[in-house]
Amino acid sequence: MSIEAQDLDLLANDNRGKHQLEAGFDLLGWDEVTQGSVLASFEGDASDVAHKKSEERTYSNYNSYTATVASWRVIKPVYNRDICIDCQNCWVWCPDTSIISRDKQMLGIDYDHCKGCGICVEVCPTNPKSLLMFGEYSDLGESLADWPEKKKKEEK
Amino acid sequence: MAITSIKNLKEFSTNNDRFEGAHTLCPGCAHSMIVRELMNCTDDNLVLAANTGCLEVSTAVYPYTSWDTSWIHIGFENAATAVTGSEVMHKVRKRKGTLKDNDAPVKFVAFGGDGSTFDIGFQWLSGAMERGHDFTYICLDNENYANTGGQRSSATPIGATTSTAQAGTHSYGKKEKKKDIVSIMAAHGAPYVAQLAPNKWKSMAKGFQKALETEGPCFINTVSACCTEWRFDPKDTIHITDLATDSLMFPVYEIIEGHELNILYRPKNVMPVEEYLNAQGRYRHLFKPENKHVIELIQSDIDKYWDMLQRREEARV
């Protein structure tokens, strides 16, 4: 329980999506790109990427990790740590690599990459679900306060 | 080959993702589940190529790339050719000792959609299988050309409505049956051929690891539910895939050395195919009284195919 998602410096990263908005990013035009161009995903040595966690990697500006698709979303999943059993169903089926999981523990959601599809909520096996969809601008504290009670068997 | 543990999901989740978010696939697309699972199966270096299709255009939107490994952007039909070319180059450079790290294991994987596998890239794939390179080809089968607006492909099943085989007063959608690509690839004598589904994550991960380990050309057809063109809610992707495997529309099985067939998933309760069809908008017209015969035809085809698979598993032929 020592690490929190906020400590990993992954959530609400200030640099995310910067280049999508800024004109200063030096891009080649469509008629300047030649065949055989290479986009480097990392700065420097990338030979041991498979053994590095996201926070240890040196992503280049061309890696979509540094981009954001948060504007696609109209509803967002909210995570309730108190009910979660760390089954990792949401991790394996998240199509957007947005479930942050470290040391067999679910830590939270990467809201810069989440598109709000709702698959994580559907595959959550707990009762009540430990992930639920709320409006994009809903408040975290209010959402957690609104959390449904455990359903009895006959109500299911 | 360095394999990562897939004993249970908790252990599997300790892998470090090499497929990054903020790609532009639709919300709820099964393509990225399959790709993530493949890349989490191993910590070897990977050389990937993708045929043109949803996966290619969404994961390499200039100036961004979502791939943390070597990935080749190539034409519509020749991911198999590009990746086998890289494989030969790697082999030669290894022999000459000109690689940076001569002993680092490298795996070669090509991705293709169903359009580029069943139709456009079929000849290239067949050629690569015949030449016997050590690579794995993964078809992400969403049963239409989803990237260009849902045209019919030869993977589209009978009865589905697509933008070029529309259902209406004179038609019930596509009239031709789906190509049996798994059997075609097994007939090439490939050492490992399988059909897998992302909802059965463990059998899928096992299948991927087996394919990567096996020397020689391996082919895997994966079910990739397409919420946009199959017309269902994005959150239901796993539910629809469950229906597909439980109704035996997509049986999960493998064929080793072209003859040894193993069924990897037997549903406890086999569902009638109506439930699978009813969950998707592209089959809605089949429930009109004049189209009922198409559902009966689909069901009888499924029953025959399942019977054939079971007989083949028993007879080992």
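The values are calculated or read from the model by the stated rules, or taken from the named source; none is laboratory data. Everything quoted here is computed from the prediction, not taken from an experiment. Backbone-built Cβ (ideal geometry, glycine too); neighbour counts: all protein chains shown.
Being over 22 Å from B:Ile220 (Cβ atoms) and within 14 Å of another protein chain (Cβ to nearest Cβ) narrows it down to one of B:Pro63, B:Pro105, so name that one.
Numbers: B:Pro105 fails: over 22 Å from B:Ile220 (Cβ atoms).
Just one listed residue meets the conditions, B:Pro63.
Kindly state which strands (runs of 3 or more DSSP E) lie completely within the stretch A:47-131 and contain at least 1 residues that are in the same structural domain as A:Ser37 (by TED's automatic domain parsing) and at pLDDT below 90. Steps first, answer last, please.
Values: elements: A:75-79, A:99-102, A:105-109.
Here the list is empty.
One residue is enough: does the stretch B:57-74 have a residue meeting the conditions part of a helix (DSSP H, G or I) and free of Cβ contacts under 8 Å to residues at least 12 places away in the same chain? So that I can check it myself, show each step before the final result.
First pass over the stretch B:57-74, keeping only residues part of a helix (DSSP H, G or I): B:57-59.
From the residues that got through so far, the ones that are free of Cβ contacts under 8 Å to residues at least 12 places away in the same chain too are none.
Checked against the condition, which is being part of a helix (DSSP H, G or I) and free of Cβ contacts under 8 Å to residues at least 12 places away in the same chain, the stretch B:57-74 yields no hits at all.
For the stretch B:2-23, does any single residue satisfy the condition of being farther than 22 Å from A:Ile109 by Cα and surrounded by 22 or more Cβ atoms within 10 Å (Cβ to Cβ)?
Step one: list which residues in the stretch B:2-23 are farther than 22 Å from A:Ile109 by Cα, which gives B:2-7.
Add one more test, that the residue is surrounded by 22 or more Cβ atoms within 10 Å (Cβ to Cβ), and what stays is none.
No, the conditions are met nowhere in the stretch B:2-23.
Quick check on the stretch A:69-84. Is at least one of its residues buried (at least 21 other Cβ atoms within 10 Å of the Cβ) and on the phi > 0 side of the Ramachandran plot?
Checked the stretch A:69-84: no residue is buried (at least 21 other Cβ atoms within 10 Å of the Cβ) and on the phi > 0 side of the Ramachandran plot.
What are the residues in the stretch B:275-303 that are in a helix (DSSP H, G or I), in contact (Cβ under 8 Å) with a residue 24 or more places away in the chain and polar (S, T, N, Q), if any?
B:Asn291, B:Gln299
Restrict the check to the stretch B:306-317 and report whether at least one residue is touching a Pro at 6+ places or on another chain (Cβ under 7 Å) and either assigned to a helix (DSSP H, G or I) or surrounded by 19 or more Cβ atoms within 10 Å (Cβ to Cβ) (or both). So that I can check it myself, show each step before the final result.
Here is the first cut: in the stretch B:306-317, the residues touching a Pro at 6+ places or on another chain (Cβ under 7 Å) are B:306, B:309.
Filter once more, so that each one left must be either assigned to a helix (DSSP H, G or I) or surrounded by 19 or more Cβ atoms within 10 Å (Cβ to Cβ) (or both): B:306, B:309.
Yes; the residues of the stretch B:306-317 include at least one that is touching a Pro at 6+ places or on another chain (Cβ under 7 Å) and either assigned to a helix (DSSP H, G or I) or surrounded by 19 or more Cβ atoms within 10 Å (Cβ to Cβ) (or both).
Counting only residues that are crowded, with 22+ Cβ neighbours inside 10 Å and over 14 Å from the mean Cα position of the chain (by Cα), how many does the stretch B:193-213 have?
Counting residues in the stretch B:193-213 that are crowded, with 22+ Cβ neighbours inside 10 Å and over 14 Å from the mean Cα position of the chain (by Cα) gives 1.
Restricting attention to the stretch B:148-179, which residues are under 21 Å from the mean Cα position of the chain (by Cα) and surrounded by fewer than 13 Cβ atoms within 10 Å (Cβ to Cβ)?
B:Gly149, B:Glu176
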